[in-house]
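Enquirer: Below you will find the structure I want to go over with you.
The values are calculated or read from the model by the stated rules, or taken from the named source; none is laboratory data. Predicted model, so just to flag it, every value in this text is computed and none were measured. Methodologically, a virtual Cβ is constructed for each residue, glycine included, from the backbone with ideal geometry; neighbour enumeration extends over all protein chains shown.
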Amino acid sequence: MQYIRYMAGGMIILFLMIAIIGCGGDEIPVERLKTQLKDVPTYSIIIDDMKEDGNIFTHYFHKYKIVQLDKSWVTGWEEVSESYYQQNANFLGMTLASKKDGNTSNQVGPPGYEYVGDKNYGQWKTDSSGGSFWEFYGKYRMFTDVLGFLSGPIYRHDYDGYNSYRNRRMPYYGRNNQYGTHGSYTKKHNPSFFDRRMKRERSKSSSFGKKVSSRFGSKSSSRIGRTRTGFRSRSMGRGK
């Protein structure tokens, strides 16, 4: 009876621990950042990095890059819930929230697209092939460099695609899906995320392989032991 009470008490403690751990990342850091930036007229909040950590209990983390017109910074690791992590799993390197001249938006898209088409920030120009592309004014050079525009200009058809997705409230990954977690641009500019994810997957695979090997090894040893014991018993029986 005491053993049953002991086991029941242990199970209750375990469930409480799971519940406490599960509630650890319920806060949404982006909402907290938006509150902290409520007096800032223009900014972008970008998922700069993400990771999963832990073996028994998995914890989920984001890092955010905050870009303002005159400065930028990256947060430390912010724990988020599993559901929020999975909800944004495809948005690495993309803008999650922004505010332009006092107007907020939660449109998900490539960094900086929220400022394209606004004559306060730049203008449309024509290249030698007749293509229309967006050029930011020189005073926003630092701003655009931090956002990642060193990869090349934004052409009007790219912006039109972004607008089309925005009107449907859908994330825009670029004309060639080059942005976001699975995009070629992201893989080039955030290799640490992919290295870390690959190491974690290898670790999981190795751990699983060891468990399988150990399990089958113990069963095999057990069968061999039983076979040898049975053989000795039969031999002794024949001797009698």
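Enquirer: Would you mind finding the one in E79, E135 that is under 19 Å from the mean Cα position of the chain (by Cα) and either in a strand (DSSP E or B) or of a type in the set (S, T, Y) (or both)? Write out each step before concluding.
Expert: Values: E135 fails: under 19 Å from the mean Cα position of the chain (by Cα).
Being under 19 Å from the mean Cα position of the chain (by Cα) and either in a strand (DSSP E or B) or of a type in the set (S, T, Y) (or both) holds for just one of E79, E135, which is E79.
Enquirer: Let me ask something else. Of the residues D127, D145, D158, which single one is buried (at least 17 other Cβ atoms within 10 Å of the Cβ), more than 21 Å from L33 (Cα to Cα) and among the acidic types (D, E)?
Expert: Values: D127 fails: buried (at least 17 other Cβ atoms within 10 Å of the Cβ); D145 fails: buried (at least 17 other Cβ atoms within 10 Å of the Cβ).
Step by step, each of D127, D145, D158 is checked, and only D158 is buried (at least 17 other Cβ atoms within 10 Å of the Cβ), more than 21 Å from L33 (Cα to Cα) and among the acidic types (D, E).
Enquirer: Out of curiosity, is Y179 modelled with pLDDT of 90 or more, touching a helix residue (DSSP H, G or I) at 6+ places or on another chain (Cβ under 6 Å) and either within 22 Å of K100 (Cβ to Cβ) or loosely packed, with under 14 Cβ neighbours inside 10 Å (or both)? Show your work before the answer.
Expert: Values: modelled with pLDDT of 90 or more: yes; touching a helix residue (DSSP H, G or I) at 6+ places or on another chain (Cβ under 6 Å): yes; either within 22 Å of K100 (Cβ to Cβ) or loosely packed, with under 14 Cβ neighbours inside 10 Å (or both): yes.
Yes: the conditions hold for Y179.
Enquirer: What number of residues within region 158-192 are among the acidic types (D, E) and under 15 Å from M50 (Cβ atoms)?
Expert: Let us first name the residues in region 158-192 that are among the acidic types (D, E), namely 158, 160.
Now narrow it down to the ones that are under 15 Å from M50 (Cβ atoms): none.
Here the count works out to 0.
One line per residue, one yes/no per condition, for (1) modelled with pLDDT of 95 or more; (2) of a type outside the set (G, A, S); (3) in contact with a strand residue (DSSP E or B) (Cβ under 9 Å, 6 or more places away or on another chain):
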| residue | (1), (2), (3) |
| --- | --- |
| M17 | no, yes, no |
| D26 | no, yes, yes |
| V80 | yes, yes, yes |
| L96 | yes, yes, yes |
| N103 | no, yes, no |
| G112 | no, no, yes |
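Enquirer: Where residues in region 57-72 are out of contact with any helix residue (DSSP H, G or I) (no Cβ under 6 Å at 6 or more places or on another chain) and among the aromatic types (F, W, Y), which of them is farthest from I47 (Cα to Cα)? Explain how you work it out, then say what you get.
Expert: Here is the first cut: in region 57-72, the residues out of contact with any helix residue (DSSP H, G or I) (no Cβ under 6 Å at 6 or more places or on another chain) are 58-59, 61-66, 68, 70-71.
With among the aromatic types (F, W, Y) added as a condition, the list becomes 61, 64.
Details: F61: 10, Y64: 5 Å.
Across region 57-72, the extreme among qualifying residues is F61.
Enquirer: (1) buried (at least 21 other Cβ atoms within 10 Å of the Cβ); (2) out of contact with any Leu (no Cβ under 9 Å at 6 or more places or on another chain); (3) in contact (Cβ under 8 Å) with a residue 60 or more places away in the chain: which one isn't true of V80, the others all being true?
Expert: With respect to (1) buried (at least 21 other Cβ atoms within 10 Å of the Cβ); (2) out of contact with any Leu (no Cβ under 9 Å at 6 or more places or on another chain); (3) in contact (Cβ under 8 Å) with a residue 60 or more places away in the chain, V80 is out only on (3).
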